[in-house]
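Beneath this line is the structure, given in C-alpha cells, with notes to follow.
The values are calculated or read from the model by the stated rules, or taken from the named source; none is laboratory data. None of the values given here were measured: they were computed from a predicted structure. Cβ sites come from the backbone with ideal geometry, for glycine too, and all protein chains shown count toward neighbours. Keep in mind that these areas ignore ligands, DNA and RNA; they rest on the heavy atoms of the full protein, side chains included. Shrake-Rupley method; radii C 1.70, N 1.55, O 1.52, S 1.80 Å.
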Amino acid sequence: MPILMDVQIQPKNTLPTYKDLSFSSHYSGATNVGLIRGGYHFAHPDTSSGAAQANYFLANGGSWSNDGITLPGMLDLEGNCAGLSTSAMVSWIKDFSDTYHSKTGRYPLLYTNPSWWSSCTGGSSAFINTNSLVLARYSSSSGTPPGGWPYYTIWQFNDAYQYGGDSDTFNGDIAGLKKLAAG
C-alpha cells in the first residue's frame with residue numbers, strides 16, 4: 001500500500017506562516033484512492049519554539065487521528081542547523097515532539113539524514129524510544145541509521161517516483177504500516 005506524506009506546513013523566516021494551499025485536495029485525494037497518508041512540517045528552529053511550530057502544524061492539518069489511515073505527523077529535519085548548538089537543537093526537537101505528543105497521544109515521525117543528524121544533534125539518541133525514524137538516504141542501501149536508532153521505519157531512497165514525489169519504502173509489511181497509522 002503506497003504512503004503519501006505530501007503536505008507541507010512551515011513557518012517562513014519573515015512571514016507569519018506558510019501553508020501548502022493544495023493540502024486539502026492532496027489529503028482528500030489520497031484518502032479517496034486508499035492511501036495511508038500524513039502531513040509533514042519543515043522545521044525552522046531559528047524562527048520560533050518547537051512548541052509554537054507543533055501547535056501551528058496541529059492547527060493546520062498535521063494532527064493524527066485513530067482512523068487507521070493517518071500516520072502521525074512528520075517533523076522534517078534537514079538543511080542547516082539554524083545557528084543552534086547540538087544541545088539546543090535536541091531541546092528544540094524535544095519541545096516540538098513533546099507538544100505534538102501531548103495533543104495527539106502520538107510522537108511525530110522524525111525525517112532526517114545521517115549527516116544532518118550528526119552535525120545538528122551530535123548524533124543524539126534521545127528519540128530512539130519515542131519517535132520513528134524516516135531516513136533520507138539516496139542510495140542503493142539504507143546503511144546504518146543515525147542516532148542509535150536500531151532501524152528505519154520509512155526509508156526515502158530517491159527524490160523521484162513515477163507518479164510524482166519521492167520514492168519511499170516502509171520497513172515492514174502492510175500490517176505493520178497499518179499498525180503505525182492506527183497507533
Farther than 22 Å from Ile174 by Cβ and crowded, with 21+ Cβ neighbours inside 10 Å - does that describe any residue in region 149-163?
-> no
Out of contact with any Leu (no Cβ under 6 Å at 6 or more places or on another chain), open to solvent by less than 30 Å² (accessible area, probe 1.4 Å), of a type in the set (Gly, Ala, Ser) and at pLDDT 95 or above - does that describe any residue in region 132-139?
-> no
How many of the residues in region 59-78 are open to solvent by 60 Å² or more (accessible area, probe 1.4 Å) and outside any loop (DSSP other than H, G, I, E, B)?
-> 1
Quick check: anything in region 116-126 outside any helix (DSSP H, G or I) and closer than 21 Å to His41 by Cβ?
-> yes
Considering only region 4-43, state which residues are part of a loop (DSSP other than H, G, I, E, B) and either modelled with pLDDT of 60 or more or in contact with a His (Cβ under 6 Å, 6 or more places away or on another chain) (or both).
-> Pro11, Asp20, Leu21, Ser22, Val33, Gly34, Leu35, Ala43
Looking only at residues in region 79-91 that are closer than 14 Å to Asp46 by Cβ and not polar (S, T, N, Q), which one is surrounded by the most Cβ atoms within 10 Å (Cβ to Cβ)?
-> Met89
Options Ser97, Ser102: the member that is farther than 12 Å from Glu78 by Cβ and without any contact (Cβ under 8 Å) to a residue 12 or more places away in the chain = Ser102
Residue satisfying condition, being free of Cβ contacts under 8 Å to residues at least 24 places away in the same chain and on the phi > 0 side of the Ramachandran plot, within set Gly147, Gly79, Gly172 = Gly172
